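The values are calculated or read from the model by the stated rules, or taken from the named source; none is laboratory data. Remember, predicted model here, so these are calculated numbers, not experimental data. Every residue, glycine among them, receives a Cβ derived from its backbone with ideal geometry; neighbour counts consider all protein chains shown.
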Amino acid sequence: MRKNLTAPLILAWTLSATAQTPDSGTFLLHKFAQNIGKEHYSLQHTEAGPQYSIDFKFVDRGSPVPLKAKLAMTQENEPRSLIIKGNTSRFSTINDSIQINDRAAFIRVDDSSYSRDLGPLAFPVAGYSPGTVQMLLLKYWESHGRPASIPILPTGAVQIRLDGDDVIDQDKPLRLRRYVISGLVWGNELLWTRTDGELVCLITNDAEGDKLEMMLEPYESLLPTLLTRAAGYGMEMFTRGTILPKAKPTAIVGGTLIDVTNGASINNSVILLDGGLIKATGRSGELAVPKGYTVIHAEGKTILPGLWDMHAHFEQAEWGPAYLAAGVTTVRDCGNEFEYINAIQGAIDGGKGVGPHIEKAGIVDGPGATGLGIIRASTPEEAVAVVKKYKDNGFVQIKIYSSIKPDVLKAICQEAHRQGLTVTGHIPEGMTIQQGIEDGMDMVNHVQYVYSVMKMGKDRSVDVNDSANQRVFRFIKEHGTVLDPTVGVFEMVFRNTKDDITRMEPAFHSLPLPLQALFSNMGMPPANADRFKPILESMSRIVKAMHDQGIPIVAGTDMGFPGYSLDRELELYVAAGLTPLEAIQTATLIPARVMKQDKVAGTIAPGHRADLIIVEGNPLTQIRDIRNVRTVVKEGQVYDPANLHGLAGFGK
Ligand SMILES: [Zn+2]
C-alpha cells in the first residue's frame, strides 16, 4: 500500500485496520466445529499491484470441496479482478471471472458473459468463500470510509458494520473487533479481527446452508468461545440487546378454535392467555374476557396449536424468526454444534432472542474420515460419556449419525434410556432399520431408511401391499418406532431444475436472495429427475402406509426453505393420502407426545404453553391455508409474521 503523507488525519485504529496484509496466511475451516480443511493465501507484489492466490479446500463427510481463486488489486488497493473456480459445497460449483476496468466490470458466470457499469464503489466477492476475499472486502470498506452499503460483483450488495469489541480471557487477555456482514449469505455473518485488522475468525454458512467457521491458524482454540458469542450476538440483533418484556394477558376472540386431537371446532371462540400459559378456552358469550386483557380479534380465522418442526438444524440465528413467522413454535434440533445450540437456546429462553422452543437432540458419530463433527464415540465407554455430556446440558435425545458401529449404537441406546433420554437418528452404514431398532433406536430420521429395505421393482418403485414390505411396517409398528420422513428433502434433491420452483414453494421469491440462489441450484437435470420419480412416489406411499399401520409419523424439514418447508412437508402428506387433520397432527399432537411434552404442548388446552397460530382460511379444509399464518403466539408473546420475516431478511 502506498502511504500518502498529505492525507488528512484519520483515527489511529482505522490506519492500523488498513495496515499491510501479511504475505501469506492460513485459515482452518470447520464444520460442526470439526477442522475439515484449510484455506491458504499467498500475496505476490506485482507491478500492477498486489495479487492474492487462494487455495481453499475442505472434505465434508468424505466429499472434497476444493476451490481456487485469484484476487488482484491495484497499487491503490482497488480491486482489479477476481477469478474463482471450484466447489462451494458438496452439491454446488462456481466458475466466475470478474474484471474491473475504469468503472466497468466484465463478468463471466459459468457460460454467460456480460458487462456492468459501476459506481464509485464495487467489490468482487462471489459468496461465502474464500475467507481471504471477505478479509479484503472488510479492508476495502475501512479504507473507503465505512460506507453503509457496497455493491458487490457479480451481483448484490453487502452491508458491513463494526459491532463492538470482545475481550477473550487467555494468559494475556486478547482484544478482538467484531464485525457483522450481511448480504453475502442468508442473514448475518460474524467476523472478528485483531486490533491490527487481521481476520481471526469468520462464521458464515456454506452453499448448502451449513455453518462454516474459518479460523486464522494460531487462533483455532478460540472457536468454542466464539461460537457461543456468535449465537448470543446473532440472537441479540433481533431484540436489540434488550430482554423481551413479559407477555401481557391476552384474549383471542372470535376465531374458530380447532381441537387437533379430533378435528372438533369451536366457532366464535375465546382463548385466554396469561403468564405464558393458556388459562381457559370457551365460547364467546360463555367465557368472559377479564378486565386488563388485550384482545386480538380472530373473526373468520382458524386457530391451531403452534407447529413443530421435528427435524431442525438451528445453524444460524435467523432460523429463530423464520420459524416463528411460519407458525413453528417448537423445533427438535436434530444435531448441531454443542456450544452453539446451547447458547441459542439460552438466548431464546432468557428472552434475549426470538425463536421457538428447542428440544435438543445431541449428535454423535463414529470414528473415521466420513464422520461428522467432533462428538464421536468409538467404544461403548465413549458412548456412555457422550450421553452423559448431553444429558448434563439439557439434551433430551441422542441423534445417531451414519458412522456409528453396531456395538456402540447398542451402548448409546442403553445408556440414553437409563438416563431418561430417547434415541433418534440415521441408520448407521451397513445396518438395516430393523437392526437399528433392535439395538434400541426409538426414532428414525428420513424415510429412505424404510425405503431402502423394501422389496422394489425394476424402476425402484415400491408396492406397499407386498407382503415382505408389509412385514417391515409391522415390525416398525410393533416396536413403537417414530419416523420423521422428511419427504420434502427428497422432493428438493430429486427436483427437475427446469421445473418452476414456485410450484414447490409459492413464497420462493420472498426468500432472501442468497437462499434463492442456493435452492435454484439444487435438483437434477430433467432426465435424472425422471428416473428418481418412482422413488419419490414410493416414499410418499410408504409414509401413507406407515401412517395407516398406526406408526407415529412426525413432520420434519431438515432445514429447506426456512419455516415454509414444514408447510410443504404437510402438503406432501396430504398429497400422499393423509387428511389435512392427520397431516396437522404430525406437526402438533404427535411430536408433543413422542417428545413427552403432551402435558404442556401439542394442543390448545388450559395449562398448556400459550403456543398457537391464527391462520387465514381453514387448513382442515385445504392444507395450503397452513401457509397463511397471520399471528403467532409463543408462550404468550404475540408476533406478527411480517415483522419476523423482516428480521430474518425475507422480502414481501
Ligand atoms: Zn438432519
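Couple of notes before you dig in:
- So residue 240, is it among the basic types (Lys, Arg), free of Cβ contacts under 8 Å to residues at least 12 places away in the same chain and within 30 Å of residue 649 (Cβ to Cβ): yes
- Against the conditions (1) within 16 Å of the ligand (Cβ to nearest atom); (2) at pLDDT 95 or above, residue 371 satisfies every one except (2).
- Top-ranked residue of region 354-368 - restricted to ones that are at pLDDT 95 or above and assigned to a loop (DSSP other than H, G, I, E, B), ranked as farthest from residue 61 (Cα to Cα): 354
- Contact map, region 545-567: first residue within 29 Å of residue 514 (Cβ to Cβ), second residue more than 14 Å from the ligand (Cβ to nearest atom) and polar (S, T, N, Q), Cβ cut-off under 6 Å, separation 6 or more or different chains; pairs are 555/586.
- Taken over region 562-594, the residue count meeting the criterion of being in a loop (DSSP other than H, G, I, E, B) and in contact with a Lys or Arg (Cβ under 7 Å, 6 or more places away or on another chain) is 2.
- Per this entry, residue 538 is not counted among residues that are within 16 Å of the ligand (Cβ to nearest atom) and either of a type in the set (Asp, Glu) or assigned to a helix (DSSP H, G or I) (or both).
- Residue that is farthest from the ligand (Cβ to nearest atom) [pool: residues in region 481-522 that are crowded, with 20+ Cβ neighbours inside 10 Å and of a type in the set (S, T, N, Q)]: 481
- Yes/no for residue 473 being away from the ligand (no atom under 16 Å from the Cβ), assigned by TED's automatic domain parsing to the domain that holds residue 569 and either crowded, with 21+ Cβ neighbours inside 10 Å or at pLDDT 95 or above (or both): yes
- Restricting attention to region 289-328, the residues that are more than 16 Å from the ligand (Cβ to nearest atom) and in contact (Cβ under 8 Å) with a residue 12 or more places away in the chain total 27.
- Residue tally, condition under 18 Å from residue 484 (Cβ atoms) and basic (Lys, Arg), over region 369-427: 1
- Candidate set: region 329-353, residues that are surrounded by fewer than 24 Cβ atoms within 10 Å (Cβ to Cβ) and in a loop (DSSP other than H, G, I, E, B); chosen: the one farthest from the ligand (Cβ to nearest atom): 351
- Within region 66-111, the set of residues being aromatic (Phe, Trp, Tyr) and modelled with pLDDT under 95 comprises just one member, 91.
- Figure legend. Inter-residue proximity from region 601-630: first residues assigned by TED's automatic domain parsing to the domain that holds residue 505, second residues among the hydroxyl-bearing types (Ser, Thr, Tyr) and part of a strand (DSSP E or B), beta-carbon distance below 6 Å, spacing 6+ or different chains. Indicated pairs: 611/329; 614/631; 615/302; 618/302.
- Top-ranked residue of region 178-235 - restricted to ones that are without any contact (Cβ under 8 Å) to a residue 60 or more places away in the chain and of a type in the set (D, E, K, R), ranked as surrounded by the most Cβ atoms within 10 Å (Cβ to Cβ): 178
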